[in-house]
Amino acid sequence: MLFRSEKSDQDAARHYANQFAKALTESDQREASLSALVRDTTLPAIVRGTAMANLRDQNSDSTFELALQSLQDREELVRVTAIYRLEHELDRLTPQLESSGDAGEQSARFRKIIEQLQSLLDAKQRLVRVTAARSLVRLPAAVRDREIPGNIRRQMWSALEELKEGYQANSERAGAHMGLAALAESAGNLQEAASEYRAAIAVEPRVAGPRSNLATLLENQSQATERELRRAVQSGMRNEAESLAAEWERTQQAVRELRKQELEFLRRDARFFPKNAPLQYRYALALYLDGQESAAEKTLLQVIDLAPAMPDARFALVLLYQKLNRIDDAKVHAQELVRRFPNDRTYTELLRSLAAPPTPQP
């Protein structure tokens with residue numbers, strides 16, 4: 001016979017297990033179910049934090065406000081996962097503000113997040129401090145300098161030193177080196193970042209992630225090499241042009257090999273976790289980069305079925321259809337993005353570009 005406390009624990013477990021199940025299987029109930037779990041302060045922190053983490057792909061105003069409120073939660077884990085939800089929002093808003101400067105409501109939302117994260121840099125809980133600092137340092141340097149006062153930036157870098165010490169204490173794990181690489185990349189130390197990505201591959205060679213990040217870093221560097229190559233050719237500097245061309249080709253070969261390896265690991269993980277929308281999205285992008293456009297389309301459609309409110313997959317699908325000149329299909333998904341996120345200028349401008357008549361060829 002069960003004691004009352006044991007039965008109560010089992011009842012509570014069944015309750016939030018059912019809520020999670022509803023969120024995963026009923027897309028129209030996902031946001032409401034997960035938000036209810038976050039707000040229920042009688043539940044364990046791990047349950048509430050996991051629910052908040054699963055709201056990252058929900059870009060509604062209500063989840064945004066819930067994340068802001070959760071920054072003041074008594075549970076450290078809930079505060080940290082709320083920071084991750086707001087970091088996702090920053091990733092979405094930053095390109096818009098970089099391209100258009102001030103964007104009204106979006107600009108106000110962006111600055112509200114920055115202010116809230118800055119206020120956490122002196123939090124008593126170390127994990128809260130360093131997570132807020134990590135989110136802020138991911139902003140482009142020009143944006144950081146413009147939006148964050150110098151004394152706050154010094155606080156940010158101080159908190160990041162704490163984070164680096166934590167990563168270094170776990171140097172036998174790929175994730176620690178990935179974290180160090182991300183910090184180095186944010187600070188503009190690209191050689192250090194590449195070295196840390198290679199260290200991640202060395203310590204855990206079968207983990208997905210570091211190869212993709214290293215490939216992206218190398219490809220960005222090769223674009224700079226390509227610009228230097230064009231200048232050398234235009235200036236008639238033959239020897240330098242030949243050297244740069246060889247360097248560019250070596251980098252491109254390394255990128256191709258890294259992405260080929262990464263695709264195999266992502267295929268493995270996607271097979272094991274077919275309901276994990278972010279993972280399936282990464283797999284779809286890897287398929288696209290490998291030239292497997294039909295498979296990429298199929299996987300992106302599956303991601304949309306798994307997480308209809310996750311905009312990234314639908315946005316990628318629009319771009320894929322645009323490349324394939326399937327404009328009517330692209331419009332369908334662009335219209336859905338605008339319907340779901342009417343204040344997001346990226347999506348409204350995308351839809352407008354699809355509606356514009358094609359530019360006549362000379």
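The values are calculated or read from the model by the stated rules, or taken from the named source; none is laboratory data. These numbers come from a predicted model, not from an experiment. Note: ideal-geometry Cβ built from the backbone for every residue, glycine included; neighbour counts use all protein chains shown. Calculation scope for accessible area: heavy atoms of the full protein, side chains included, ligands and nucleic acids excluded. Shrake-Rupley method; radii C 1.70, N 1.55, O 1.52, S 1.80 Å.
Quick one: order Lys275, Lys331 from most to least accessible surface, probe 1.4 Å.
From most exposed to least exposed: Lys275, Lys331.
If you fit an axis through the alpha-carbon atoms of helix 150-168 and take the longest principal axis of the Cα set of the chain, what angle between them do you get, 0 to 90°, nearest 10?
For 150-168 against the chain, the angle is about 80 degrees.
What is the range 203-362's relative contact order, in percent, from Cα pairs under 8 angstrom and six or more apart in sequence?
14
Quick one: pull the percent of accessible area on the chain belonging to carbon and sulfur, 1.4 Å probe, ligands and nucleic acids left out.
51
Take the alpha carbon gyration tensor of the chain, find the square roots of its eigenvalues, order them as a ≥ b ≥ c, and report rounded if a/c is under 1.5; if not, report prolate when a/b exceeds b/c, else oblate.
Note, shape of the chain comes out prolate.
Could you order Glu161, Glu297 by accessible surface area, starting with the largest, using a probe radius of 1.4 Å?
The ordering from most to least exposed comes out as Glu161, Glu297.
Is the shape of the range 210-282 best called rounded, prolate or oblate, per the rule: a/c under 1.5 gives rounded, else a/b larger than b/c gives prolate, else oblate, with a ≥ b ≥ c the square roots of the Cα gyration tensor eigenvalues?
Cα axes put the range 210-282 in the prolate bin.
Rolling a 1.4 angstrom probe over the protein heavy atoms, how many square angstrom per residue are accessible across the chain?
With the other protein chains kept in place, the chain gives 53 Å² per residue.
To the nearest 10 degrees, how steep is helix 4-25 against the longest Cα principal axis of the chain, on a 0 to 90 scale?
30
So, with +1 on the Cβ of K and R and -1 on the Cβ of D and E, and no other charges, what is the size of the charge dipole of the range 83-205 about its Cα centre, to the nearest 20 debye?
Value, rounded to 20: 280 debye.
Taking only C-alpha pairs under 8 Å that are 6+ residues apart, what is the relative contact order of the range 180-225 in percent?
28
Which chymotrypsin sites (Phe, Trp or Tyr not before Pro) in the range 128-220 pass both tests, a DSSP loop state and at most 16 other beta-carbon atoms within 10 Å?
Hits after loop and neighbour filter: nothing returned.
In debye, nearest 20: dipole of the chain around its Cα centre with unit charges on the Cβ of K, R (+) and D, E (-)?
Rounded to the nearest 20 debye, it is 260 debye.
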